[in-house]
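What follows is calculated from the coordinates using simple rules that are stated; it is not laboratory data. Computed from a predicted structure; not experimentally measured. Methodologically, a virtual Cβ is constructed for each residue, glycine included, from the backbone with ideal geometry; neighbour enumeration extends over all protein chains shown.
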Amino acid sequence: MAAASPPPRRLRGSAGASGASLVATAAVAARFLPVWFATAALFVVASVVAPHALGNTSWSFVLPDATVLAVAALGQMLVVMHAGIDLSTPGVVSFGGNLIAGVGAGSDHRLAPAILACLALGVAVGLVNGIFVGLLRLNPLIVTLAVGQIVLAWSSKYSRDHVTNQPLVPSGLSSWATSKPLGISTVFWTGAALTIVVALVLRYTTGGRRFQAVGANPRAAWIAGLRVRTHVVLAYAAAGLLYAVAAVLLAGVRQSIDPAFGSAYLLAPIAAVVIAGAALSGGLASATSTWVAALALTFLTQMLVTMGLSAAMQYIVFGAAIVAGMIVSGDRAALLLGRWLRPVAPPPRAAA
């Protein structure tokens, strides 16, 4: 008898490509979906154990704070997309807030220069980080921690010299931050619009796709002719700009600048990015999932406060939630689903 003829090579290749595409799509979805399910589950749990956390009064605090964290986390996300990390966030937020109070001097006529000074500070700090990491190839953890400490020191000095007698931000900024179009904080609408813009730029523009490609595989991007080091510098500069925007929003929400201004943004943005499913090796990240992760972390804090837990217990629950989020999301979930969906090649047929 004649040997059984194999299927046409073209069809077999097409089926293999289709299966690989299915696995890749499912793996990417698995990376970002867990944070959405976890956030929904958190709301369900809150409705049972802390229903007051879902009230309008609670949301008036949660949404602005979550938005500020989300904007800072978006900056951290851009750095993580290039396999980096940025610990200068508290320094930029602190110094930016002090600049708004100091340059603004409580006058609405000086609000625009104050905001521009804050944004310029963020870009400058980001460029310094980017040059050290992208061009000089220094360790991002050490560099950004050192730069952040220097910026914090200058923030403290500037505060003593210029902000002690005028810690309030210009009333125009605080009035804008407390306004509520359609019953929701202006800060929320601003952060949501910014998140959508970042997501669209990364996904649908040539520059955004190149930015992701460089982060996913720097060597291949370099071979393709892309400027890898320039993209790294750009990532840190854009991150610094977003930290400065977070400082502006936080100043409007808080309405005054205190010594602890910005101190909460050292690890929280990193936690939001990781829980959202970003690949720590670079490349893959989701702006919308990062925003959802920031919302979940902020709401969890509000729920614990509503439940009346002690500060120590709040830190324990918060830390446990972050660890659990890292276990069920990101690289681990993508790897497990990819293995499950990977097509298994059939054994070769023996000749009859």
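Some points to look at:
- Rh by Kirkwood over Cα pairs, then Stokes-Einstein D for the range 120-209 at 0.890 mPa s and 25 °C, µm²/s: 146
- When only Cα pairs below 8 angstrom with a gap of at least 6 residues are kept, the range 36-341 shows a relative contact order of 34 percent.
- Sorting the segments 114-123, 81-90, 215-224 by their mean number of nearby beta carbons within 10 angstrom, highest to lowest, gives 81-90, 114-123, 215-224.
- Phi angles across the range 248-257 convert, under the Karplus curve 6.51 cos²θ - 1.76 cosθ + 1.60 with θ = phi - 60°, into 3J(HN,Hα) values of 4, 5, 5, 4, x, 6, 6, 6, 8, 10 Hz, Gly and Pro given as x.
- Spherically averaged projected area in nm², based on the convex hull that wraps the Cα atoms of the range 45-128: 8.0
- Amide hydrogen neighbours beyond the local backbone of Ser256, cut-off 5 Å, H modeled: Val169
- Fewest neighbouring Cβ atoms within 10 Å first, the residues Ser310, Ser171 line up as Ser310, Ser171.
- With N counted as the residues of the range 80-239, its alpha-carbon radius of gyration over 2.2 N^0.38 Å works out to 1.21.
- Each residue of the range 56-64 was assigned a 3J(HN,Hα) from its phi angle through the Karplus expression (A = 6.51, B = -1.76, C = 1.60, θ = phi - 60°), giving 4, 4, 5, 5, 5, 9, 5, 4, x Hz with x at Gly and Pro.
- Check: the range 36-341 dipole with +1 on Lys, Arg Cβ and -1 on Asp, Glu Cβ, in debye: 740
- Distance between the 7 Å Cα→Cβ label points at Asn56 and Val197: 3.1 nm.
- Phi to ³J(HN,Hα) by Karplus 6.51 cos²θ - 1.76 cosθ + 1.60 over the range 78-94, Hz, x for Gly, Pro: 4, 6, 4, 4, 10, 6, x, 8, 10, 9, 8, 4, x, x, 5, 5, 5
- Cα-based values for the range 36-341, radius of gyration first and Dmax second, are 19.3, 63 Å.
- Among 96-102, 175-181, 34-40, the peptide with the highest mean count of other Cβ atoms within 10 Å heads the list, and the full ranking is 96-102, 34-40, 175-181.
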